[in-house]
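This is the structure, below, for whatever I ask next.
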Amino acid sequence: MSLQNQTIPFLDLKRVNAAHDAGIRAAIARVLDSGWYILGEEVASFEHEFAEFCGVKHCIGVADGLDALHLVLRAYGIGTGDEVIVPSNTFIATWLAVSQAGAKPVPVEPDIATHNLDPACIEAAITPATRAIMPVHLYGQPADMAPIMEIAQRHGLKVIEDAAQAHGARYLGRRTGGLGDAAGFSFYPGKNLGALGDGGAITTNDDALAARLRMLRNYGSSIKYHHELAGVNSRLDELQAAVLRVKLPELDAENASRRRLAAAYMAALQDAPLQLPKQIEGAESAWHLMVLRTDRREHLQAALSEAGIGHMVHYPIACHRQQAFAQQSWPNLPIAERLQSELLSLPIAPYMTVEDVNRVASVVKAALR
């Protein structure tokens, strides 16, 4: 089969995990042999290692990324009658975390060039009911945290990072997960640091918050059968923690591969009639996704499909247009709606080559010529 006839999938998780195959199999065997399958040594060790990786004091493993965000809100006592500022352009989990806590998500528009929450629009959305800001490091690029933190400090608000797509990304030299008061991560299999199923974690430097979260995730208990809080069952699994421990030491190298591929995309598509993602100064993206904008998306999708190149739309329906939030009224959010009609994600993964990128780029340029 010639190179031109080979397919390039959007993401091949089998190839992603093949690079870690021996370590993953050994880790699973280690857990099976241990006889301890919930909140054991693997979770404790991963929590220590991931906290150290993020440059924070605490990591609390939970069941998934949605629970990570939701439990932080609960631990801070944010609920009914409270408001949390969220991006209008994000995956619905950001909004669901707020609504599940009983609070109201208040959408703020993104910078159309970076796709991330626009700090200049935040203060207009703050009311006496506002308790927190939840910026998302969307597609792997850190939000512009310095002005967000300054606004939050002036208004006495908590900042909770949604870092589900930004494992290992940096802002002004510091890792995501240690930029706000707390952060929620997802280890969904397709993430840069992905498990073999669902998983999540919370990172923070707040000792009291961490202690409360460790109880909340485990039925509200710190001593077996003593329940101080009305908690939930949301615990990172021992098997998943063992797998994540195998993959974490390779994350920086895999992110570096993603950055090389992203640079190749940016160079190859710089003159194409489309909008490439803008990187903010001082940020180092994890390049979880390679997302471009075009007003000819359907035409480009057809050309990519014809060439055997995988692609996706993140996300085709804005949160305020989802049926889940149809019972509430929302302000006009034209940037979010424009993005939902123009964004298209191209394949990017550590196993890809610059030759793969150039082939994708050639199809994109030919389609939009």
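The values are calculated or read from the model by the stated rules, or taken from the named source; none is laboratory data. All values reported here derive from a predicted model rather than from experimental measurement. Here the Cβ is made from the backbone with ideal geometry for all residues, glycine too, and neighbour counts use every protein chain on show. Heads up: the accessible areas ignore ligands, DNA and RNA and are worked out on the full protein's heavy atoms, side chains in. Shrake-Rupley method; radii C 1.70, N 1.55, O 1.52, S 1.80 Å.
In the range 216-230, what residues are touching a Ser or Thr at 6+ places or on another chain (Cβ under 7 Å) and under 23 Å from F185 (Cα atoms)?
Correct list: R217 only.
May I ask you to say which residue of R258, R212 is within 30 Å of Y76 (Cβ to Cβ) and either free of Cβ contacts under 8 Å to residues at least 24 places away in the same chain or buried (at least 20 other Cβ atoms within 10 Å of the Cβ) (or both)?
R212
Looking at the range 318-329, is at least one residue surrounded by fewer than 16 Cβ atoms within 10 Å (Cβ to Cβ), modelled with pLDDT of 95 or more and either within 14 Å of T114 (Cα to Cα) or among the β-branched types (V, I, T) (or both)?
So far as the range 318-329 goes, no, none of its residues is surrounded by fewer than 16 Cβ atoms within 10 Å (Cβ to Cβ), modelled with pLDDT of 95 or more and either within 14 Å of T114 (Cα to Cα) or among the β-branched types (V, I, T) (or both).
When you check W95 against the structure, is it under 22 Å from A143 (Cβ atoms) and not aliphatic (A, V, I, L, M), yes or no?
When the stated conditions are applied, W95 passes them.
Something else: Checking M290 against (1) open to solvent by less than 20 Å² (accessible area, probe 1.4 Å); (2) within 25 Å of H115 (Cα to Cα); (3) more than 21 Å from the chain's Cα centre (by Cα), which test does it fail?
Exception for M290: condition (3).
Ok, one more. Just one of the numbered conditions (1) over 26 Å from the mean Cα position of the chain (by Cα); (2) crowded, with 18+ Cβ neighbours inside 10 Å is not true of S362; which one?
All conditions pass for S362, except number (2).
Next question. Got a number for residues in the range 91-110 being open to solvent by 10 Å² or more (accessible area, probe 1.4 Å) and closer than 18 Å to Q165 by Cα?
Qualifying residue count for the region: 4.
Among the numbered conditions (1) among the small types (G, A, S); (2) within 22 Å of E109 (Cβ to Cβ); (3) in a loop (DSSP other than H, G, I, E, B), tell me where S345 comes up short.
Among (1) among the small types (G, A, S); (2) within 22 Å of E109 (Cβ to Cβ); (3) in a loop (DSSP other than H, G, I, E, B), the lone unmet condition for S345 is (3).
Next question. Say whether the condition of being of a type in the set (D, E, K, R), closer than 22 Å to G190 by Cβ and open to solvent by 10 Å² or more (accessible area, probe 1.4 Å) is met by at least one residue in the range 276-286.
yes
Can you pull out every residue in the range 169-204 that is of a type in the set (G, A, S), farther than 23 Å from E238 by Cβ and outside any strand (DSSP E or B)?
A169, G173, G178, G180
Right, something else. When only residues in the range 215-225 that are open to solvent by 40 Å² or more (accessible area, probe 1.4 Å) and of a type outside the set (S, T, Y) count, which is farthest from E52 (Cα to Cα)?
Top of the filtered list is K224.
Looking only at the range 172-206, which residues are open to solvent by 10 Å² or more (accessible area, probe 1.4 Å) and of a type in the set (S, T, Y)?
Correct list: S186, Y188.
Still on this model: Under 7 Å between Cβ atoms, which residue pairs at least 6 apart in sequence (or on different chains) link something in the range 330-346 that is modelled with pLDDT of 95 or more with a partner that is open to solvent by 10 Å² or more (accessible area, probe 1.4 Å) and assigned to a strand (DSSP E or B)?
Every condition considered, the pairs that remain are W330/P107; L333/P107; E342/R293; L343/R293; S345/M312.
With E281, E298 as the choices, which residue is assigned to a helix (DSSP H, G or I) and either modelled with pLDDT of 95 or more or of a type outside the set (K, R) (or both)?
E298
For the range 7-23, check the following and say yes or no: at least one residue is out of contact with any Leu (no Cβ under 6 Å at 6 or more places or on another chain) and over 27 Å from I348 (Cα atoms).
no
Name the pairs whose Cβ atoms lie under 7 Å apart, with the first residue in the range 301-325 and touching a residue at least 12 places away in the same chain (Cβ under 8 Å) and farther than 30 Å from A103 by Cα, the second among the hydroxyl-bearing types (S, T, Y) and surrounded by 14 or more Cβ atoms within 10 Å (Cβ to Cβ), and 6 or more positions between them or separate chains?
H311/S345; M312/S345
Listed here are the residues, each with its yes/no results for (1) over 19 Å from the mean Cα position of the chain (by Cα); (2) crowded, with 17+ Cβ neighbours inside 10 Å; (3) farther than 12 Å from L71 by Cβ.
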{"position": "A164", "(1), (2), (3)": "no, yes, yes"}
{"position": "R170", "(1), (2), (3)": "no, yes, yes"}
{"position": "H227", "(1), (2), (3)": "yes, no, yes"}
{"position": "S234", "(1), (2), (3)": "no, yes, no"}
{"position": "E250", "(1), (2), (3)": "no, no, yes"}
